C-alpha cells in the first residue's frame, strides 16, 4: 500500500516510475498523492483518517479512510467523490458480495458502481450518452479508484492473487449512474429499499457487457430478443443461479412501459424466457451445476430446464444511456450478490 509521503512525491515522472516498480498503479499514470492532496480529500468526510471502513480480501488489508483517500487521489478523483468510495468500499466487503471470489477468480469479474439519487447531479456522474464509456471525469475516476483500492489495499494484483485468465477493460474502471429522469419505473435504489431523495452506490460483480441492438417496437418481442441474448451455455449464472443485470435504454424502457409491463412483469418474463436445457452445458458444467444447485433440482438431467437465477427477483436492471435502440446485458460472477449503500 503506497505511503502518503515520498521525497519526490510531486515529481510526476519520478512518482509514476516508483509506483510502476512497486505495482501500486493500474498501468496508467497516477496523480501523486501528496499530503496536501490527501488532506483536501479528507475534508469531505467527518470520519477519522485512521477509521477502518472494511478489511478487503483476498489480502485482507485494512481499508482506512486515509488509504481510500490516497487511492482516490491517485485515480484523479475530485475530493467530493470520497464519500462515494467510502460507501462502495463498505459495500464490497459484505459477505454476500463475495469479494474474495471476485478478486481471486480466473473469471474476468470486475466491480461495477451504479449511483442513484441527488449525488448523481451533484457530482456530474454520467447516466446518458456513453455512460459506460469514456468522456466523463466522475465515472472514469470513481471506477478507477475502486479498482486501485481493491488492488492496493485488498492485494488483488494481476497474476498474484488476481488470477483472471484474460480480465476485461472494466477492470480499469466501471461506473455509471441510472438515468432516473427517463425511467418509467421506480429507480434502483428505491427498489432496493431506500428513499428517492437518498444517494446510494450499488456494487455489482460484473463479468462483462453485451450490446443488444434491436429495433423491435413490440414489448413481448423485445423481451424475447433480450432473453435470447442472455442465454449462453458457458455461463456461471446457469451453473450457480446468478444475478444477471441489464442496462435498458430509455427507448427500450418506453416500449416496455407502453406494453403495460412493470419491473416485476419484466423480471418474471425474462426468468421464464431464459430457461435453458442442461444438455446445452458441457459435461463438466453439468457437474458444477449439480454441486451448486442440487438443492433446487435434485438430479440434473439433460432435459432439466435451468433458470438463469433462482427467482425472478434476482434479475436486476437499470435504465441508462441516451437515445438509441441499444440495451446492454451484464452477465455476473454467479456467486455474488449486489450490495447497495447510502452515501453519507
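Here are the numbers for this structure:
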{"item": "Quarter of Cα convex hull surface for the chain, i.e. mean projection, nm²", "result": "17.0 nm²"}
{"item": "With Cα atoms, 0 to 90° folded angle of helix 65-75 axis to the chain main axis", "result": "80 degrees"}
{"item": "Residue among 87, 291, 75 with the largest mean-square fluctuation in a Gaussian network model of the chain, springs linking Cα atoms under 10 Å", "result": "291"}
{"item": "Using alpha-carbon coordinates, inclination of helix 12-21 to the longest axis of the chain, degrees", "result": "60 degrees"}
{"item": "Pairwise FRET efficiency - residue 254 versus residue 282, Cβ, R0 = 25 Å, nearest 0.05", "result": "0.05"}
{"item": "Inter-part distance where the range 187-221 and the range 105-184 are each reduced to a Cα centre, Å", "result": "15 Å"}
{"item": "Tensor-based shape of the range 1-148 (alpha-carbon gyration tensor, a/c under 1.5 rounded, otherwise prolate or oblate)", "result": "rounded"}
{"item": "Relative contact order computed over the chain (Cα-Cα under 8 Å; 6+ residues apart), in percent", "result": "21 percent"}
{"item": "At R0 = 30 Å, FRET efficiency that the Cβ-Cβ distance of residue 186 and residue 22 yields, to 0.05", "result": "0.05"}
{"item": "Tail weight of P(r) past 17 Å, computed on alpha-carbon pairs of the range 82-127, percent", "result": "44 percent"}
{"item": "Least to most buried among 162, 10, 295 (fewest other Cβ within 10 Å first)", "result": "295, 10, 162"}
{"item": "Scattering curve values for the range 236-336, log₁₀ I(q)/I(0), Debye with Cα scatterers, q = 0.17, 0.21 Å⁻¹", "result": "-0.77, -1.01"}
{"item": "Volume in Å³ per residue [convex hull over Cα atoms, computed for the range 72-153]", "result": "106 Å³"}
{"item": "Pair residue 80, residue 129: separation of 7 Å Cα→Cβ label points (nm)", "result": "2.2 nm"}
{"item": "Degrees between helix 137-152 axis and first principal axis of the chain (Cα, 0 to 90, nearest 10)", "result": "80 degrees"}
{"item": "Highest-fluctuation residue, 327, 292, 199 considered, GNM on the chain with Cα pairs under 10 Å", "result": "292"}
{"item": "Computed Rg/Rh of the range 108-254, alpha carbon atoms with Kirkwood Rh", "result": "0.97"}
{"item": "Gaussian network model of the chain, springs between alpha carbon atoms under 10 Å - residue of 129, 238, 172 with greatest fluctuation", "result": "129"}
{"item": "Residue-averaged 222 nm ellipticity for the chain, from DSSP H runs of 4+ at -39500 (n - 2.57), nearest 500", "result": "-10500 deg cm²/dmol"}
{"item": "Added length on full extension, which subtracts the Cα-Cα distance from 0.36 nm per residue, residue 198 to residue 234", "result": "9.1 nm"}
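Since every read-out is calculated from the coordinates, none of them should be taken as a lab result. Being a predicted model, the structure only gives us computed values, none of them experimental. All Cβ positions, even for glycine, are placed from backbone atoms using ideal geometry, and neighbour counts span all protein chains on display.
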